[in-house]
Amino acid sequence: MRVVVVGAGIVGAAVAFRLAAAGVAVTVLEADEPASGATGASFGWIGAGGTVPPAAAALHAQALPAHRRLAADLPGAAVTWSGSLAWGPAAEPSPSTRAAPDARWVDAAGARAVEPGLLAPPGRALHTPSDGFVDAAALTRTLLDAVRRHGGEVRCGHAVLAVDPSDACVRVTTAAGGHEADAVVLAAGTGTAALCAALGTALPVTGSPATLLTFPGPAPGVLAGVVSGPGLEVRPAAGDRLLGTGDDPVAARDALVAAVRGAEAAGLPTARVGVRPMPAGGTPLVGPLPGHPRVHVAVTHSGVTLAPAVAECVAREVVDGVEAPELRGCRPRTSAREQQPEAAGDHREDQGARRVGGRRADLAAPGQADGVDHRGAEGREPAAEPDPEHEPPGVVGPGAHEAGQQAQQERPDDVDRQDRDGERPAPPRPHLPVDDEARDGAQPARERQQHDHAGRPRDAEAATSTPARAASSPATTLPAP
């Protein structure tokens, strides 16, 4: 069986790895370089708490277990399970959020025990021991290296121009030519919407800019894990650095120095901007495209938290043609209001294995595939206001400290704050230089879309970044499909 995967971000790389490990002949097509889009600008916070759309509950339940299975199957793919400590409005309980099973409230003494480096520990904070973080760009490269070892191909600099499915195969066209395969998986972030539009399907996916800050020079060990509070979201990183989020690098450094002992040695952070794909309503879009059973899509926020689980499900459906129950509420749709036939939580009795797209996906492929991707990024939706009557345990995610501010001006296309790979809702256009490599497959619009980065994970360490300075960011462009 031959499959083309369009996109070499964390989601595409994870899907390609699971397919290749199952014996599929895989070709990964990437318009730029691996992790050059949203993945490279991800904070990489991974956890089970946050805002989880009911339709995606079953998929989210597999997020952390799938990361652990991946680490067991692939050396070098391990997450740093450091735990997290969060406080402020976004950490408080609300009807729209949920806490990880092991989350617990701690007082100032408890907060100090978790993070001894805090200068003024909060009197009430949510400690989640099961949370962790990962360098998403590095993980993406590890996955793609494994794809090659399994005999797959990874072709960079190949932008996909067209996807043409037929009853017999699917043809993927790049500037280098056309290639045939049994199936194609579109994991191109925001670029996926353009490819689907050419097939007559308007996926409800928008882009949301996210900024990753890299602080050089603080003393090693100043933080034990992920820390999120009002105006502050940071975590340790390799090389005695700290990673954070924020639209104003100067304010972010000031907040860091005021909160963390030893952080005064940190220099002004460099910044990298990515554009995350945000499915309307926050529910991932994963599965066969309506009317095109050979074309599968995989678009989600947060990609870093959900990539391993999404990859397992997609590989099962593509290779065996049998529906993954975790995806029943996440099928591609054309609007935020389109009701999913069987959302997670629907416990109707299964009537045997279901065929995906009405057929098995294990037909022999006539030719070889070779075409490439449009990178993407991940996003989240505005957080609901805390509800004082709905107490424990509470929930937090990356960017949690801004939950309270986000309840205003909610829009139908705003995305759920389920993942931590994003960035904080912007104060009107901050002054940040955009990394030349951060052309994530969409334009970071002049007005930053309102969203709460207190949801699920943020993705990886910054790869190439530019020093932040007081100047307007040039617009980021979306690669043509």
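The values are calculated or read from the model by the stated rules, or taken from the named source; none is laboratory data. Bear in mind that the values here come from a model prediction, so they are computed numbers and not experimental data. For neighbour counting, all protein chains shown are included, and Cβ atoms are generated from backbone atoms with ideal geometry for every residue, glycine included. Ligands, DNA and RNA are stripped out before the accessible areas are found, and what is left, the full protein with its side chains, is counted by its heavy atoms. Shrake-Rupley method; radii C 1.70, N 1.55, O 1.52, S 1.80 Å.
Restrict the check to segment 175-182 and report whether at least one residue is under 16 Å from residue 296 (Cβ atoms), over 17 Å from the mean Cα position of the chain (by Cα) and small (Gly, Ala, Ser).
Within segment 175-182 (the criterion being under 16 Å from residue 296 (Cβ atoms), over 17 Å from the mean Cα position of the chain (by Cα) and small (Gly, Ala, Ser)), the answer is yes, since at least one residue qualifies.
For residue 239, which of the numbered conditions (1) without any contact (Cβ under 8 Å) to a residue 12 or more places away in the chain; (2) open to solvent by less than 10 Å² (accessible area, probe 1.4 Å) fails to hold?
Against the list (1) without any contact (Cβ under 8 Å) to a residue 12 or more places away in the chain; (2) open to solvent by less than 10 Å² (accessible area, probe 1.4 Å), residue 239 comes up short only on (2).
Return the residue satisfying two criteria in turn: it lies in segment 249-262 and is small (Gly, Ala, Ser) and free of Cβ contacts under 8 Å to residues at least 60 places away in the same chain, and of such residues it is surrounded by the fewest Cβ atoms within 10 Å (Cβ to Cβ).
Checked segment 249-262; the qualifying residue surrounded by the fewest Cβ atoms within 10 Å (Cβ to Cβ) is 251.
Cβ contacts < 9 Å: first residue under 24 Å from residue 130 (Cβ atoms), restricted to segment 213-226; second residue open to solvent by 10 Å² or more (accessible area, probe 1.4 Å) and among the aromatic types (Phe, Trp, Tyr), any location; separation 6+ or different chain. Result?
These pairs meet every condition: 225/81; 225/133; 226/133.
I'd like to know if segment 155-166 contains one or more residues that are farther than 24 Å from residue 32 by Cβ and either over 25 Å from the mean Cα position of the chain (by Cα) or crowded, with 17+ Cβ neighbours inside 10 Å (or both).
Yes: one or more hits.
Collect the residues in segment 199-235 that are touching a His at 6+ places or on another chain (Cβ under 8 Å) and either assigned to a strand (DSSP E or B) or open to solvent by 40 Å² or more (accessible area, probe 1.4 Å) (or both), keeping them in residue-number order.
Selection gives 208, 210, 228, 229, 230, 232, 233.
Between 48, 13, which is of a type in the set (Gly, Ala, Ser) and surrounded by fewer than 24 Cβ atoms within 10 Å (Cβ to Cβ)?
48
Which residues, counting only those in segment 280-310, are in a strand (DSSP E or B) and under 24 Å from residue 132 (Cβ atoms)?
Matches in segment 280-310: 286, 298, 299.
Confirm whether residue 98 is open to solvent by 10 Å² or more (accessible area, probe 1.4 Å), out of contact with any Gly (no Cβ under 8 Å at 6 or more places or on another chain) and under 18 Å from residue 306 (Cβ atoms).
no
Working only within segment 82-133, note down all residues that are at pLDDT below 95 and of a type in the set (Lys, Arg).
98
Only one of (1) closer than 30 Å to residue 170 by Cα; (2) in a helix (DSSP H, G or I) is not met by residue 57, so which one is it?
(1)
Quick one: is residue 18 of a type in the set (Lys, Arg), assigned to a helix (DSSP H, G or I), under 26 Å from residue 333 (Cα atoms) and under 19 Å from the mean Cα position of the chain (by Cα)?
yes
Which residues, taken from segment 17-33, are touching a strand residue (DSSP E or B) at 6+ places or on another chain (Cβ under 7 Å) and surrounded by 24 or more Cβ atoms within 10 Å (Cβ to Cβ)?
19, 20, 24, 26, 27, 28, 29, 30
Determine the pairs where a residue that is at positive phi, located within segment 106-128, has a partner that is of a type in the set (Gly, Ala, Ser) and open to solvent by 20 Å² or more (accessible area, probe 1.4 Å) with Cβ atoms under 6 Å apart, the partner being 6 or more residues away or on another chain.
Once the first residue is at positive phi and sits in segment 106-128, no partner that is of a type in the set (Gly, Ala, Ser) and open to solvent by 20 Å² or more (accessible area, probe 1.4 Å) comes close enough.
Residue by residue, here is whether (1) open to solvent by less than 10 Å² (accessible area, probe 1.4 Å); (2) within 30 Å of residue 32 (Cα to Cα) holds:
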position	(1), (2)
102	no, no
109	no, no
113	no, no
132	yes, yes
144	yes, yes
147	yes, yes
150	no, yes
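Given the residues 246, 267, which is the only one that is at pLDDT below 95, open to solvent by less than 10 Å² (accessible area, probe 1.4 Å) and farther than 30 Å from residue 16 by Cβ?
246
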